[in-house]
Each structure stands twice: as C-alpha cells, then as structure tokens.
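Read the structure below first, then the notes.
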Amino acid sequence: MNSDPGEVLNKARKAYQDRDYPAALENYQWFYHNSLDIDQSYYGVRLSYCLDEWAALGKEFPRAANALTRLKEDTLSHFSNTKSRKAFHEYSSICEYLECEDEVFEQFLTVRSSDKDLAEKLFTFVYEYCASKEMWDLCREYIGNGYDQYKKSLETFDHMIEFAEKKTGELGDSIYRDAVMAIKRETLWILNMLNCINAPGEYQSAISKIESDLRVRGRESIFKEICERAPNKQSLPDA
C-alpha cells in the first residue's frame, strides 16, 4: 500500500470510478486508519471527504456500507469506554455521512443527563444539528453570545483556505468552496440565534466583528452575502 495519504485517497477515487469497489473500500479504510500517522493535516479530510466518499461507495457496494456501520459502532463503543472527545467527534462525523445525526443528538442528551461537564465539551459536535433545527435556547445555553463559536469557525475557515491553497486541482477547489459555505452558514446561525433571543446589542457587536474580520481577509463579498441573508436587516451596515 502506498504510504502517501493523498495518493491513497486518489487511488480510492479512481477505483470507485472504475467500479473496482473492493479496491476502493480497501483504500478508503487505509486512509481513514493510517493517514494521520503520516500527516496530521489530513485530519479534516479524513472526517469529511473520506467518509463522504466511503458512504457514497456504500450505496453501491453493501460491503462498504457494512464496514462503515461497524466503524460507527466501534467508535461509539470506544467513546463509551473512554469518554474521549476525539472519539465522539469521529462518531458524529461518521453518523453525518450515514445520515443518522439523530443518533448523535440522542447520545449527547444521554451524556447531558449524567455529566454536564462532558456535555459542554461535546456540544460543538451537535451544534450544527441544533442550529439547523433552530434550537436557539439550547444553543444559547452552551455558546452564550456565540463569540467563541464564531472564533472557532473563523479559525477553521483560515485553516481550510490555507490547506486549499496548498492543493491543486479539484481537491483544492472543493475545500475552498466548503470553507466559504461553512463560514457563511455558521455566522448566519449565530446571527439568527441572537436575533431570536432578542439580544440587539450582542447582535450588532457580532455584525461589526464579522465585517472587520472578513474585510481584513479581503473577503468583502462573503460579508455582503451574509448581510443579504441575515435577519434584522435594519441593524446591518452597508456591505
């Protein structure tokens, strides 16, 4: 097996295109289990593109679907035994691509009922689920005014843009598009939360911070798109 994670991922994709499904599964599994031992920068790719494509393979190749389901169960078992935040992150990512996010939220509620401190550490992995379903009171409980969550989102955005610029071809373009979509989505969630809980001062502070950060990065067009979709438009500056 080639020890370059990027080449292994490309081999998995090529095998999938050639309908050599056993080889595709072998390469996706290798990438998931070994890529970080070689290059930690593949952390995000491992929990996104690899799992997404593995799940797509599973829709055509039952053995791949079964393998991904076993991985989900093993990862949940590992979390149950260790209470590891990393294991819960991996479990939540696998569930996302198996389209069973409800399971992750139920696991979070189980933890929340018995271990408040651990639930606070895990909320970030159900935040997207809660925000997409507009559970703003629960979001407010864990992310407050949203500043820390926004800061994490901005750091992720910067990391993804930096990573995308180092890659050529479709992979780099895809990571760039995902970075832009994510920062728009997550800033809008925070603005919607602040608007719905009637926190005008915090809303205006968030808008000012987002505008400043994106202008410094030369991303005025992203800020303009956020303003076009944001609530409480009377509080928005001219983008």
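Checked against the criterion of being in contact (Cβ under 8 Å) with a residue 12 or more places away in the chain, over 28 Å from Leu214 (Cβ atoms) and not acidic (Asp, Glu), the candidates Leu154, Leu51, Leu47 yield just one match: Leu51.
Here's the yes/no breakdown for (1) within 20 Å of Arg46 (Cβ to Cβ); (2) among the basic types (Lys, Arg):
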site	(1), (2)
Thr69	yes, no
Glu103	no, no
Phe108	no, no
Phe125	yes, no
Ala131	no, no
Gly146	no, no
Glu162	yes, no
Leu171	yes, no
Arg177	yes, yes
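Could you tell me which residue of the stretch 24-62 is modelled with the lowest pLDDT, considering only residues that are aliphatic (A, V, I, L, M) and over 19 Å from His89 (Cα atoms)? Per the stated criteria, the residue is Ile38. One residue stands out among those in the stretch 117-143 that are part of a loop (DSSP other than H, G, I, E, B) and in contact (Cβ under 8 Å) with a residue 12 or more places away in the chain: the one that is nearest to the chain's Cα centre (by Cα), which is Val126. Taking the stretch 117-147 as the range and being surrounded by fewer than 21 Cβ atoms within 10 Å (Cβ to Cβ), on the phi > 0 side of the Ramachandran plot and touching a helix residue (DSSP H, G or I) at 6+ places or on another chain (Cβ under 8 Å) as the test, only Glu134 passes.
The values are calculated or read from the model by the stated rules, or taken from the named source; none is laboratory data. These numbers were taken from a predicted model, which means no experiment stands behind them. Heads up, the Cβs are rebuilt from the backbone with ideal geometry, glycines too, and the neighbour counts pull from every protein chain shown.
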